Amino acid sequence: MDPSAQSAPKPPRLAAPVAALIGVLAVAIALAAGHLVAGFVGPSASPFLAVGNTAIDLTPLQLKDFAVRTFGTYDKLVLLGGMGLVLLGAAVVAGLLSRRSPLPGSIMAGALGLLGVAAVLARPDSGQLSVLAPIASLVAGIAVFRWLHSRALVRRGDASPEGRRTFLVALGATAVGAGVAGVLGQVLGNRIDVEGSRSAIGEIKPTTPAAPIPAGADFANQGTPSFITPNADFYRVDTALSVPRLRAEDWKLRIHGMVDREMTLSYDDLRSRDLVERTITMTCVSNEVGGPYVSTSNFTGVLLRDVLMEAGVKSGADQLFGTSSDGWTAGSPVDVVMEAERGALLALGMNGEPLPVEHGFPVRMVVPGLYGYISATKWLVDLELTTFDAKQSYWIDRGWGRLGPIKTMSRIDSPKGLSRVRSSGKTTVSGVAWAQPTGIAKVEVRTDGGPWQDATLAADVGNSTWRMWKVELDLAAGGHTVECRATDKSGFVQPQARVAPIPDGATGWHSAFFTVEK
Ligand SMILES: Nc1nc2c(c(=O)[nH]1)N[C@H]1C(S)=C(S)[C@@H](COP(=O)(O)O)O[C@H]1N2
Ligand SMILES: [Mo]
């Protein structure tokens, strides 16, 4: 018999699965406690979301670009899922390191808690009480971890059915507690009734409607998008993990900085002014050649120029700096926003409805001809007249260009690349082109590197909108590459050179390779 076994009994040790489970439950309770407190002090205080938002803000450009390219609009889900997996792994490790003493797990819980505190403090939109949420996570995580750990040790020394039952009840209570707290936090966070506020507004009727879209403005039957993008299909690009929830009745816009008269406008102030409707095609600077981040809507709102004239822009102010309720910022050139023909808007409506929540409810900016990242602030709450030297907006800080005029571009929508098309006679190729605010004069197409031929343009709706095109090609059976290029109304021809979206928008000709079957 081993004598040492008699003299020094080993301290009790938890079974590995039990230790891991305790780690996971402690993390679950920590997240849920933070989410619950965030329900009271503001959704952006939820530690999990705050860490995610901070990760988005800190992510290097290339990685973000990769994420958007690879996962598209699912990039946020992928981020949250990835964070969840990392946390799960950390919880298991913390549990396994704590099979004898709860100390290593407690230290890890503390470290994760402090990460949450730091992330919440770093959020630009967190209020003074926000830090309570990650502190609740930290305290609950450590406390529950130590409690479950001591229960588990007791249970190890008490093999009776009674001891087993007591321990299972503790585990179950923790799991149920986490679920209830998490759901309650979500419900409390959603108590700001944005949908109610939005539906109470009803239809947004313009004083000056846009001209009706003429028949034949698109070739939707032949593969182009519809001219007006339904709100539900309008592309969405933003950095917000949880969509800001602002009620129109609480909303205020402050206009200040280099102005003669500071102004504060309410939603009713804006709504009771003259509302103009404009058909505008919006485009994202991160759109790749052939990419989907371009959509068209009838936006209704107040002319930004008129509001700024009332405030009185001081000479020298060259940047209009917009801030969203979640702290995101965009700075537009003042001279562009003040152009009378430009028609920059403080938009309230999209296709007759109040702005959808994910498109900036209650009020956003829209400037025809500028990429969204320097002009189209959603959930707009603050407009400051300043200079480009004094302040840098969100994406400029991250290496994108200061001025963001939209580049002349065209895209093939049909046939899709790598598809097979059956056609006994001619093959229809169709797509869209845009060059806001100059307008599209011509689109040309060539097959297999041959001569360029003019495409048929759809009705011209306006210079700040896209324009659809199509062409009937006589193609033999087999594989073909079709390319397109647009010419805008200034005579500028879309260049062939491929340039990446960073820093000021992609260039290059879009091409599609497809196979014709006769
Ligand atoms: N608050 C806020 N506004 C924002 C952004 C954002 O991340 N946050 N993204 C901008 C970018 S890059 C674009 S292209 C447009 C997209 O508007 P949409 O999502 O309504 O299509 O919104 C702009 N406004
Ligand atoms: Mo964008």
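The values are calculated or read from the model by the stated rules, or taken from the named source; none is laboratory data. Everything quoted here is computed from the prediction, not taken from an experiment. Cβ sites come from the backbone with ideal geometry, for glycine too, and all protein chains shown count toward neighbours. Ligands, DNA and RNA are stripped out before the accessible areas are found, and what is left, the full protein with its side chains, is counted by its heavy atoms. Shrake-Rupley method; radii C 1.70, N 1.55, O 1.52, S 1.80 Å.
Exactly one condition in (1) more than 30 Å from residue 477 (Cα to Cα); (2) buried (at least 19 other Cβ atoms within 10 Å of the Cβ) is not met by residue 445; state its number.
Of (1) more than 30 Å from residue 477 (Cα to Cα); (2) buried (at least 19 other Cβ atoms within 10 Å of the Cβ), only one is false for residue 445: (1).
How about region 348-382: which of its residues are within 16 Å of ligand 2 (Cβ to nearest atom) and of a type in the set (A, V, I, L, M, F, W, C)? Full working, then the answer.
The initial filter retains those residues of region 348-382 that are within 16 Å of ligand 2 (Cβ to nearest atom), namely 358-360, 364-380.
Those that are within 16 Å of ligand 2 (Cβ to nearest atom) and of a type in the set (A, V, I, L, M, F, W, C): 365, 366, 367, 370, 374, 376, 379, 380.
Yes/no per residue for (1) over 29 Å from the mean Cα position of the chain (by Cα); (2) open to solvent by 60 Å² or more (accessible area, probe 1.4 Å); (3) not acidic (Asp, Glu):
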site: 84; (1), (2), (3): no, no, yes
site: 92; (1), (2), (3): yes, no, yes
site: 112; (1), (2), (3): no, yes, yes
site: 116; (1), (2), (3): no, no, yes
site: 119; (1), (2), (3): no, no, yes
site: 125; (1), (2), (3): no, no, no
site: 133; (1), (2), (3): no, no, yes
site: 137; (1), (2), (3): no, no, yes
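List the residue pairs whose Cβ atoms are under 8 Å apart, where the first residue sits in region 233-245 and is of a type in the set (S, T, N, Q), the second is in a loop (DSSP other than H, G, I, E, B) and more than 10 Å from ligand 1 (Cβ to nearest atom), and the two are 6 or more positions apart or on different chains.
Close Cβ pairs (under 8 Å, with a partner that is in a loop (DSSP other than H, G, I, E, B) and more than 10 Å from ligand 1 (Cβ to nearest atom)) amount to 242/46.
Just need a number here: residues in region 484-495 that are open to solvent by 30 Å² or more (accessible area, probe 1.4 Å) and closer than 30 Å to residue 516 by Cα. Break it down into steps so the answer makes sense when it comes.
Let us first name the residues in region 484-495 that are open to solvent by 30 Å² or more (accessible area, probe 1.4 Å), namely 485, 489-493, 495.
Right, trim to closer than 30 Å to residue 516 by Cα and you get 485, 493, 495.
The qualifying residues number 3.
Restricting to region 400-409, name every residue that is open to solvent by 10 Å² or more (accessible area, probe 1.4 Å) and within 16 Å of ligand 2 (Cβ to nearest atom).
Taking region 400-409 first, the residues open to solvent by 10 Å² or more (accessible area, probe 1.4 Å) are 400-403, 405-409.
400, 401, 402, 403, 405, 406, 407, 409 - these are the residues of region 400-409 that are open to solvent by 10 Å² or more (accessible area, probe 1.4 Å) and within 16 Å of ligand 2 (Cβ to nearest atom).
Can you tell me which residues in region 385-399 are touching a Leu at 6+ places or on another chain (Cβ under 8 Å) and buried (at least 20 other Cβ atoms within 10 Å of the Cβ)?
385
Within region 275-306, how many residues turn out to be of a type in the set (Ser, Thr, Tyr) and more than 16 Å from ligand 2 (Cβ to nearest atom)? Let's see the steps before the verdict.
Taking region 275-306 first, the residues of a type in the set (Ser, Thr, Tyr) are 279, 281, 283, 286, 293, 295-297, 300.
Imposing the further condition that a residue be more than 16 Å from ligand 2 (Cβ to nearest atom) reduces the set to 279, 300.
So the count comes out to 2.
Only one of 275, 265, 270 is touching a Ser or Thr at 6+ places or on another chain (Cβ under 6 Å), at pLDDT 95 or above, farther than 30 Å from residue 119 by Cβ and not assigned by TED's automatic domain parsing to the domain that holds residue 461. Can you tell me which? Even if it seems obvious, please write down each step before you answer.
Values: 265 fails: touching a Ser or Thr at 6+ places or on another chain (Cβ under 6 Å); 270 fails: touching a Ser or Thr at 6+ places or on another chain (Cβ under 6 Å).
Exactly one of 275, 265, 270 is touching a Ser or Thr at 6+ places or on another chain (Cβ under 6 Å), at pLDDT 95 or above, farther than 30 Å from residue 119 by Cβ and not assigned by TED's automatic domain parsing to the domain that holds residue 461, namely 275.
Pull up region 334-384, narrow it to residues that are among the acidic types (Asp, Glu) and within 13 Å of ligand 1 (Cβ to nearest atom), then point me to the one that is least open to solvent (accessible area, probe 1.4 Å). So that I can check it myself, show each step before the final result.
The initial filter retains those residues of region 334-384 that are among the acidic types (Asp, Glu), namely 335, 339, 341, 353, 358, 382, 384.
When the remaining residues are screened for being within 13 Å of ligand 1 (Cβ to nearest atom), the result is 358, 382.
Details: 358: 73, 382: 32 Å².
By that ranking, first place goes to 382.
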